[in-house]
Structure formats: C-alpha cells, structure tokens
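Visitor: Dumping the structure here so I can ask a few things about it.
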Amino acid sequence: MKTRAIAKPELQYPETTARSRRDPKERRPSFNARSLWFRWCAVSLLFGVAFTAGLRAQDPSILMPPRPGFSFPQKQTLTYSVDWRVFPAGTATVHFEAAGDRERVIASADTSGAINLIFHVADNFQADFDRAKGCTYDFDKQTVEGRRQFNSTLHIDYANSKSVLDEKNMVSGQAKHAESPVKGCLTDLLTGVFYPGSQQLVVGNSFVIPVADAQRTVLVTMKVEGREEIKTPLGTFKTIRVQPTADAGVVKNRGNIWIWYTDDDRHLPVQMRARLFWGTITFRLTGNDNK
C-alpha cells in the first residue's frame, strides 16, 4: 500500500523519520558522500543580505555591509554537536576574534565515535574579512577526509580585481595555482554561514550574498521563511529560520539546507540542518563562550 505524503507548507525543513531510516539508498552512503557532511559546516551551507522591496534593484553581486550599529565579536567561541540521522557524528568549533580592522574566523570539524572509525574527518578553516564592509581577504583550508588531504589558500586581491588560489595535495604532492577575475566585495564559504547575523532578517524576504568559491563567484539566495522555537543542549531559543539556495557551487544539488538564527540583535546560528540524499545532518549549539 502506498503512503501519501502530507504537505506542510510552513514547516518544510527535514526531520529524521522512520521512512528515511528504511530507505536502502540512505543506509549506504558512497565514499564521497560521507565526506560531504562536514564540508557543509564551512559551506552551509550559506548566507544573506536582507533585501526589502526598495533594495531588490541593487546589484546582487555586491556584498552589502553590516547593518548600522552591528559589531562582530571581539572574542567568542561557538561549539556545535553534529548528528548524522540519529547518531552522534562529531563536533564543530568556531572561534571569532578581532584582528585590527579585520575579523578572523577559525573553525575546526572532527568526527568521533563509530563515524570516526568508518570515515575520519579532521578539517580546519580560517577566514579574514573587513569588519566594516564584510569583504573577505583570505580563506584557508586544511582538510583530512579519509585518504584525501588537501591544503589551500584563497586570497582576494581587490586592488587588482582578482582572486588567487593555491592548492596542494598533501598525499601526492601535486600543487595548483590559479587566478580568476572578481567583481566587487565577496564573502567566503565559512564567513557566509555567520555573515547574515550582521543583516536584518525579515520574514518573507529573500537576500543574496556573492560567495568566493574557489575559482568562481556564486550568488547564494537566502529565503527568510519564518519564526520558530528551537531546543538545543544549550537551551531553548526563539529563532528565525532561513534557507539558502544557489544555481552553482557547493550549495547546488546538495539537497535542502536550513539555518536557525536567534530572533534578536545577535542573529546567532543555534541550529543548522542539511537533508541530503544519503541522510540528514544536524548541527546544534552546545557552547557559547566569550573567550
């Protein structure tokens, strides 16, 4: 007997269900698929600049600056637990600190428990961006995902309107250098998860952020869907739920992604979720320290 799905027009974000656990396609993710769930921590997965009706005519390829009065943290550390379906999968940590007129974001993601035995992940990221304008200058990655080990640096040279990518395969020793033209102010894959906190999040609006993704610029649209109360190990929060989408880059064809930001001036991401063809990944805030 066929089971009819009941549409829920308001709450369309994913939940882990008995049906999804019975799906044989989800029980055996491919080797490459298993590495994607932690990459979403730096991706997310992505971003927003809230457009009111009067702002929709502006060029979406130009990053909007933070809203008046907003200030990025001088020092702050966020810790997230990561679950794959119903199983604990690892931990992600994000640290913010002021570096002169720039903001530095340092993130790490590590698998744990049984997942670590199946597929070991130990990724580190660092991004530097202008605190007043939001423009990213440098984005570095050191990734260990199973047998894959890569180091890469992405520098955006706004004076010469180009991005410079240097990447090295730490296993084979093969190196890559590439330069690409860029236009205007861009954010990066890591900062893009948190940058919406500097903007107004208005339910019913959509907003666009240009993201530097390796050798190209990807326009990521974020839809502000609604308000919702979310429970995490750190407590219960009133939040605003948003969904990022894109026609290219890391967000395209990655299933559905949602981010829940606190419904206050901080707009702190307290939960992130990705529903992919091989299962659901959920990040929940477990720690928020001023250090």
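Visitor: What number comes out for the charge environment of Pro66, summing +1 per Lys or Arg and -1 per Asp or Glu over other residues with Cβ under 9 Å away? Could you put the intermediate results ahead of the total?
Guide: Values: positive: Arg67, Arg131, Lys133; negative: none.
Net of charged neighbours comes to +3.
Visitor: Can I ask one more? In the stretch 207-227, whose amide N lies under 18 Å from the spot 7 Å out along Cα-to-Cβ of Tyr137? List them in ranges.
Guide: Only 212 pass the distance filter.
Visitor: Separate question: Count the net charge of all other residues whose Cβ sits under 10 Å from the Cβ of Glu103, scoring Lys and Arg as +1 and Asp and Glu as -1. Present the calculation step by step, with values, prior to reporting the outcome.
Guide: Numbers: positive: Arg102, Arg104, Arg131; negative: Glu97, Asp101, Asp128, Asp130.
Counting the neighbours of Glu103, the net charge comes to -1.
Visitor: Where does each of Met170, Met272 land when they are ranked from fewest to most other beta-carbon atoms within 10 angstrom? All intermediate terms of the calculation are to be shown ahead of the outcome.
Guide: Details: Met170 13, Met272 23.
Result, fewest neighbours first: Met170, Met272.
Visitor: Apply 1/(1 + (r/R0)^6) to the Cβ-Cβ distance of Ala122 and Gln174, taking R0 = 25 Å, and write down the FRET efficiency to the nearest 0.05. Please report the intermediate quantities before stating the final value.
Guide: Details: r = 21 Å, r/R0 = 0.83.
With R0 = 25 Å, the Cβ-Cβ based efficiency is 0.75.
Visitor: Something else: When a footprinting reagent is the concern and you count Cβ atoms within 10 Å, what order do Tyr137, Tyr261 take, fewest first? Could the numbers behind the result be given before it?
Guide: On the way: Tyr137 16, Tyr261 25.
Ranking Tyr137, Tyr261 by Cβ neighbours within 10 Å, fewest first, gives Tyr137, Tyr261.
Visitor: Using a ≥ b ≥ c from the Cα gyration tensor of the stretch 156-196 (square roots of the eigenvalues), is it rounded, prolate or oblate, where a/c under 1.5 gives rounded and otherwise the larger of a/b and b/c decides, a/b for prolate? Mind showing how you got there, number by number?
Guide: Numbers: a/c = 4.68, a/b = 1.43, b/c = 3.26.
In terms of gyration-tensor shape, oblate.
Visitor: Kindly state, to the nearest 0.05, the FRET efficiency for Asp247 paired with Lys162, given R0 = 25 Å and r defined as their beta-carbon distance.
Guide: Working: r = 23 Å, r/R0 = 0.92.
Taking R0 as 25 Å, the efficiency between Asp247 and Lys162 is 0.60.
Visitor: Taking amide H positions as placed 1.01 Å from N in the peptide plane, with prolines and chain starts having none, which residues 5 or more places from Asp263, or on another chain, fall under 5 Å of its amide H?
Guide: When sequence neighbours closer than 5 places are left aside, the close amide H contacts are Lys238, Thr239, Ile240.
Visitor: With the cut-off at 32 Å, tell me which of the pairs Lys75/Lys231; Lys162/Lys291; Lys133/Lys168; Lys133/Lys238; Lys231/Lys291; Lys141/Lys291 have Cα atoms farther apart than that.
Guide: On the way: Lys75/Lys231 25 Å; Lys162/Lys291 35 Å; Lys133/Lys168 30 Å; Lys133/Lys238 28 Å; Lys231/Lys291 24 Å; Lys141/Lys291 23 Å.
Those over the limit are Lys162/Lys291.
Visitor: Using the number of other C-beta atoms within 10 angstrom as an exposure proxy, rank Val182, Val164 with the fewest first.
Guide: Details: Val182 19, Val164 16.
Fewest to most other Cβ atoms nearby, the residues stand as Val164, Val182.
Values quoted throughout were computed directly from the atomic coordinates according to the rules given, and no laboratory measurement underlies them. Quick caveat: nothing in here was measured; it's all calculated off a predicted structure. Because the Cβ atoms are built from the backbone with ideal geometry, glycine has one as well, and the counts that use them run over all protein chains shown.
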